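K.L.:
One structure is given below, represented as structure tokens, and several questions about it will come after.
The values are calculated or read from the model by the stated rules, or taken from the named source; none is laboratory data. The model shown is predicted, which means the values in this text are computed figures rather than measured ones. Cβ: placed from backbone, ideal geometry, glycine included. Neighbour counts: every protein chain shown. To get the accessible areas, we keep the full protein, side chains included, count just its heavy atoms, and leave off ligands, DNA and RNA. Shrake-Rupley method; radii C 1.70, N 1.55, O 1.52, S 1.80 Å.
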Amino acid sequence: MLRLSLLSAAALAGTVGLVAGTVPAYADAGRPHIVVKDGKTQPTFSFKDAIREKVFVETTVDSDNDGKRDRVSVYITRPKETGGGLKVASILEGSPYYAGLQDPPYHPADVTDYPRLAPWTPPPGPPGPTSYSRVYYDNYFVSRGYAVLAADTLGTGDSDGCPTAVGPNEAQGMKSVIEWLTGKATAYDAQGNRIRAGWSTGNVAMAGKSYDGTLPLAAAATRVSGLKTVVSISGVSNWYDEYRANGGVVAPDGWEGEDLDLHAKAVLTRRNPEVCAPVMHDLEKKMDRVTGDYNRTWDERNFAKSAPHFKASVFMTSGLADWNVKPIQMSLLWDGLKKAGVDRKLWIHQAAHDEPLDVRQSVWLESLNLWFAHELYNVRNDIMRQPKVDLERTPGQWETHKDWPEASARPVPLGLSAKGLGRRGDGTQQLVDDPSRKAEELASNPDAADPNRLIYLTPKLTKAMRLSGTARIKLRASVDGRSPYLSALLVDYGSDERVSGFAPTSDRWCYGDSIPGDEGCRTVRRYTTAVSPFKIVTRGWTDVRNRESIWRSTPVKPGKDYTFSWPMQPYDYVFKPGHRIGLMVLATDHAYTLRYPAGTKVKVDLRGSTLTLPLTNG
């Protein structure tokens with residue numbers, strides 16, 4: 001079973017690649033051409049008979065320091081008619097997963113003296129052969145007039161170079177593939193012959209999920225010409241917020257001990273992987289797992305800050321139950337695109353780190369077809385006139401919105417007091433950190449006192465209230481002990497039937513042409529629900545040493561009061577009438593933060609502490 005948080009069975013199977021360009025016009029209507037109907041390209045080409053070839057695109061970087069420019073291995077599937085003069089747009093899926101995974105050791109989550117790294121040595125060799133047999137949606141889009149390309153990222157599969165968790169070299173690798181499709185870069189076949197993409201219109205889309213949904217954002221940040229649009233499914237827009245939070249070292253849920261370097265080590269599947277050992281050790285040092293501070297290594301992997309300068313449009317999806325690639329990744333990118341007026345579309349669903357194809361099959365494929373036709377073939381359809389946001393409120397129940405967060409949501413400050421959440425109180429309250437206890441246990445009995453957490457509750461709501469956006473917590477507090485963390489969790493208290501998972505069924509669903517191995521088919525997944533007395537809605541963390549800046553740590557003096565302020569993860573949620581909104585404050589969040597020795601004392605000054613919620617009853 002895979003352990004890396006950004007990796008999934010779906011990721012290994014391949015991820016989405018999508019694209020469109022200008023529809024070729026022919027005087028002879030009998031000549032092969034792209035067929036458009038109802039604003040979408042139609043399945044007029046044979047996937048079975050498609051041309052399949054492999055090329056090696058030369059980049060401008062030498063990330064393995066062997067004195068030669070790295071080359072990216074690219075596997076291409078395109079309609080056979082492109083061999084006779086038909087030009088098509090390209091859907092590019094860059095991925096580090098085509099050759100499988102290594103199994104590097106996770107770093108210790110329990111801290112005895114200071115955060116330590118797990119010892120690592122280069123793997124003895126690649127785990128298996130490279131396979132492009134399953135690239136998402138290839139049989140769907142090749143038949144509709146697109147070339148679908150699978151590119152091994154640097155240091156993986158049959159590519160040269162070293163992986164760096166979507167560092168600048170990997171971004172340059174994808175940029176070079178796009179430039180080859182526009183005639184501005186060079187590629188070779190296995191025999192060393194120069195290969196040109198004469199069949200390409202020069203219009204390119206990048207798409208994929210998770211890591212494969214992050215690479216398109218890195219490429220878009222380079223502003224490369226020819227990249228018209230990207231589809232990012234659960235993509236990382238800022239790697240710092242994947243493994244850090246306001247100065248604190250924070251893991252994705254269930255993957256304690258994972259960090260930036262593990263992603264590079266896990267996908268190091270190139271031949272002679274030992275040549276990348278210096279790069280891996282350099283990444284270990286520069287990611288700084290000891291202080292958690294922001295630095296240049298993180299900044300060059302912050303694609304959200306470049307979003308206002310994207311030349312490519314963006315179609316993105318995010319799961320509200322995805323605590324792997326957390327909601328902040330969607331929110332940061334969306335805000336940046338919004339400020340610049342970049343063409344964009346957003347789906348927010350109730351599932352976790354899952355494919356939108358599993359959540360809303362036919363609508364997803366139709367939306368992609370419209371999107372690619374518009375962006376890559378300049379087809380006039382209504383995709384850009386549709387509402388920008390599709391939001392799944394409950395399983396299978398979708399809403400459309402002009403934007404996100406909801407414009408009518410207003411910040412509502414709530415004070416903390418011994419009587420609950422609402423009016424600001426007097427005095428102080430204290431908790432003692434116990435890192436062995438999980439948040440679910442600590443939240444389970446909110447009306448009882450517990451030495452290891454503080455809980456503040458509103459009265460029962462008289463009407464529904466919608467949270468839409470980012471909640472913020474401000475604590476006036478002193479911290480005395482080893483743990484540098486403060487954690488805040490927003491909890492919905494009230495018995496209700498809630499989504500408990502997203503599980504596979506025995507049903508199968510197929511799309512596109514039938515191909516050997518039933519690779520056009522997927523196991524249908526459905527939501528599972530269960531009645532529960534509470535739900536942890538969202539949460540947020542901070543390192544008290546970074547109260548002034550995420551760029552630097554400043555020690556706190558034991559027993560001295562400071563004002564700590566930090567955001568929770570952005571969210572959208574409806575609290576029902578009769579339910580209570582709860583705020584739980586603790587130090588260690590067992591599933592996410594590092595776990596220092598027990599005993600840290602946190603004393604909260606109620607007069608200087610508030611919770612601010614973006615609420616609307618609209």
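K.L.:
Exactly one condition in (1) more than 32 Å from the chain's Cα centre (by Cα); (2) open to solvent by less than 20 Å² (accessible area, probe 1.4 Å); (3) acidic (Asp, Glu) is not met by residue 170; state its number.
P.N.:
Only one criterion is unmet by residue 170, namely (1).
K.L.:
Which of the residues spanning the range 194-222 are part of a loop (DSSP other than H, G, I, E, B) and either in contact with a Gly (Cβ under 9 Å, 6 or more places away or on another chain) or more than 17 Å from residue 173 (Cβ to Cβ) (or both)?
P.N.:
Passing the criteria: 196, 197, 198, 199, 210.
K.L.:
Six or more apart or on different chains, Cβ under 6 Å: which pairs go from a residue in the range 28-54 that's over 23 Å from residue 379 (Cα atoms) to one that's of a type in the set (S, T, N, Q) and in a strand (DSSP E or B)? Could you list them?
P.N.:
Matching pairs, first to second residue: 50/77; 52/77.
K.L.:
Mind telling me which of the residues 212, 241, 288 ends up being charged (D, E, K, R) and closer than 28 Å to residue 34 by Cβ?
P.N.:
Unique residue meeting the criteria: 212.
K.L.:
Write out, first by first residue and then by second, each pair whose Cβ atoms fall under 8 Å of each other, whose residues are 6+ apart or on separate chains, and whose first residue, in the range 96-109, is within 22 Å of residue 213 (Cβ to Cβ) and open to solvent by less than 10 Å² (accessible area, probe 1.4 Å) while the second is among the aromatic types (Phe, Trp, Tyr) and not in a loop (DSSP other than H, G, I, E, B).
P.N.:
Cβ pairs passing all conditions: 96/211; 97/211.
K.L.:
Please go through (1) at pLDDT 85 or above; (2) in contact with a Gly (Cβ under 7 Å, 6 or more places away or on another chain) for residue 513 and return the number of the only condition it doesn't satisfy.
P.N.:
Tallying (1) at pLDDT 85 or above; (2) in contact with a Gly (Cβ under 7 Å, 6 or more places away or on another chain), residue 513 fails exactly one: (1).
K.L.:
Would you confirm, using the coordinates I've provided, whether residue 184 is closer than 30 Å to residue 83 by Cα and either free of Cβ contacts under 8 Å to residues at least 40 places away in the same chain or not in a loop (DSSP other than H, G, I, E, B) (or both)?
P.N.:
Criteria not met by residue 184.
K.L.:
When the residues of the range 437-448 are narrowed to those that are farther than 20 Å from residue 414 by Cα and under 31 Å from the mean Cα position of the chain (by Cα), which ends up most open to solvent (accessible area, probe 1.4 Å)?
P.N.:
Looking at the filtered set, the residue picked out is 438.
K.L.:
Within the range 223-230, does at least one residue satisfy the condition of being of a type in the set (Lys, Arg), over 18 Å from residue 169 (Cα atoms), open to solvent by 30 Å² or more (accessible area, probe 1.4 Å) and more than 14 Å from the chain's Cα centre (by Cα)?
P.N.:
yes
K.L.:
Got at least one residue in the range 419-436 being under 28 Å from the mean Cα position of the chain (by Cα) and not basic (Lys, Arg)?
P.N.:
Looking for residues that are under 28 Å from the mean Cα position of the chain (by Cα) and not basic (Lys, Arg), one finds at least one in the range 419-436, hence yes.
K.L.:
Right, another one. How about the range 419-436: which of its residues are exposed (fewer than 15 other Cβ atoms within 10 Å of the Cβ), closer than 30 Å to residue 596 by Cα and either free of Cβ contacts under 8 Å to residues at least 40 places away in the same chain or small (Gly, Ala, Ser) (or both)?
P.N.:
Those that are exposed (fewer than 15 other Cβ atoms within 10 Å of the Cβ), closer than 30 Å to residue 596 by Cα and either free of Cβ contacts under 8 Å to residues at least 40 places away in the same chain or small (Gly, Ala, Ser) (or both): 427, 436.
K.L.:
Taking only the range 251-287 into account, find how many residues are assigned to a loop (DSSP other than H, G, I, E, B) and either within 30 Å of residue 440 (Cβ to Cβ) or open to solvent by less than 60 Å² (accessible area, probe 1.4 Å) (or both).
P.N.:
Here the count works out to 13.
K.L.:
Here's a follow-up. Find all pairs meeting these conditions: Cβ atoms under 6 angstrom apart; at least six residues apart or on different chains; first residue within the range 451-476 and open to solvent by 30 Å² or more (accessible area, probe 1.4 Å); second residue assigned to a strand (DSSP E or B) and among the acidic types (Asp, Glu).
P.N.:
That search, which allows pairs on different chains as well, returns 476/605.
K.L.:
Scan (1) farther than 30 Å from residue 109 by Cα; (2) open to solvent by less than 10 Å² (accessible area, probe 1.4 Å) for the single condition residue 247 breaks and write down its number.
P.N.:
Answer for residue 247: the failing condition is (1).
K.L.:
Using the structure shown, decide if residue 253 is under 27 Å from residue 542 (Cα atoms) and either modelled with pLDDT under 95 or touching a His at 6+ places or on another chain (Cβ under 9 Å) (or both).
P.N.:
Considered against the rule, which asks whether it is under 27 Å from residue 542 (Cα atoms) and either modelled with pLDDT under 95 or touching a His at 6+ places or on another chain (Cβ under 9 Å) (or both), residue 253 comes out as yes.
K.L.:
Applying the selection to the range 578-618, what residues are in a loop (DSSP other than H, G, I, E, B), touching a strand residue (DSSP E or B) at 6+ places or on another chain (Cβ under 9 Å), buried (at least 18 other Cβ atoms within 10 Å of the Cβ) and not aromatic (Phe, Trp, Tyr)?
P.N.:
579, 587, 588, 589, 594, 600
K.L.:
A follow-up question, please. What pairs can you find where one residue is in the range 390-418 and free of Cβ contacts under 8 Å to residues at least 12 places away in the same chain, the other is surrounded by 12 or more Cβ atoms within 10 Å (Cβ to Cβ), and their Cβ atoms are less than 6 Å apart, with a gap of 6+ or different chains?
P.N.:
Qualifying pairs under 6 Å: 399/391; 399/393.
K.L.:
For the range 391-441, enumerate the residues that are charged (D, E, K, R), more than 27 Å from residue 339 (Cβ to Cβ) and either out of contact with any strand residue (DSSP E or B) (no Cβ under 9 Å at 6 or more places or on another chain) or not in a helix (DSSP H, G or I) (or both).
P.N.:
If the condition is that a residue be charged (D, E, K, R), more than 27 Å from residue 339 (Cβ to Cβ) and either out of contact with any strand residue (DSSP E or B) (no Cβ under 9 Å at 6 or more places or on another chain) or not in a helix (DSSP H, G or I) (or both), then 419, 423, 424, 426, 433, 434, 437, 438, 441 are the ones that fit.
K.L.:
Out of 211, 132, 136, I need the residue that is at pLDDT below 95 and open to solvent by less than 20 Å² (accessible area, probe 1.4 Å). Which one?
P.N.:
Among 211, 132, 136, only 136 is at pLDDT below 95 and open to solvent by less than 20 Å² (accessible area, probe 1.4 Å).
K.L.:
For the range 37-69, how many residues meet the condition of being open to solvent by 60 Å² or more (accessible area, probe 1.4 Å) and part of a strand (DSSP E or B)?
P.N.:
3
K.L.:
Report yes if residue 447 is under 26 Å from residue 579 (Cα atoms) and without any contact (Cβ under 8 Å) to a residue 12 or more places away in the chain, otherwise no.
P.N.:
Yes; evaluated as a whole, the condition is true for this residue.
K.L.:
Next question. Would you confirm whether or not the range 184-205 contains a residue that is open to solvent by less than 10 Å² (accessible area, probe 1.4 Å) and within 21 Å of the chain's Cα centre (by Cα)?
P.N.:
Scanning the range 184-205, I find at least one residue that is open to solvent by less than 10 Å² (accessible area, probe 1.4 Å) and within 21 Å of the chain's Cα centre (by Cα), so the answer is yes.
K.L.:
Determine whether residue 470 is hydroxyl-bearing (Ser, Thr, Tyr) and within 16 Å of residue 535 (Cβ to Cβ).
P.N.:
Here the answer is no, as residue 470 does not meet what is asked.
K.L.:
Of all residues in the range 376-392, which are open to solvent by 10 Å² or more (accessible area, probe 1.4 Å) and in contact with a Gly (Cβ under 9 Å, 6 or more places away or on another chain)?
P.N.:
Those that are open to solvent by 10 Å² or more (accessible area, probe 1.4 Å) and in contact with a Gly (Cβ under 9 Å, 6 or more places away or on another chain): 378, 379, 380, 381, 382.
K.L.:
Which pairs turn up if I take residues in the range 344-361 that are within 22 Å of residue 374 (Cβ to Cβ) and open to solvent by less than 10 Å² (accessible area, probe 1.4 Å) and look for partners that are among the aromatic types (Phe, Trp, Tyr) and part of a loop (DSSP other than H, G, I, E, B) with beta carbon separation below 9 Å, at least 6 apart in sequence or on another chain?
P.N.:
Listed pairs, sorted by first residue: 346/404; 348/404; 357/137; 357/511.
K.L.:
What is the residue count in the range 128-156 for residues that are out of contact with any Pro (no Cβ under 8 Å at 6 or more places or on another chain) and of a type in the set (Gly, Ala, Ser)?
P.N.:
5
Conditions (1) touching a strand residue (DSSP E or B) at 6+ places or on another chain (Cβ under 6 Å); (2) modelled with pLDDT under 95; (3) not in a loop (DSSP other than H, G, I, E, B), marked per residue:
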residue: 77; (1), (2), (3): yes, no, yes
residue: 92; (1), (2), (3): yes, no, yes
residue: 100; (1), (2), (3): no, yes, no
residue: 116; (1), (2), (3): no, no, no
residue: 128; (1), (2), (3): no, yes, no
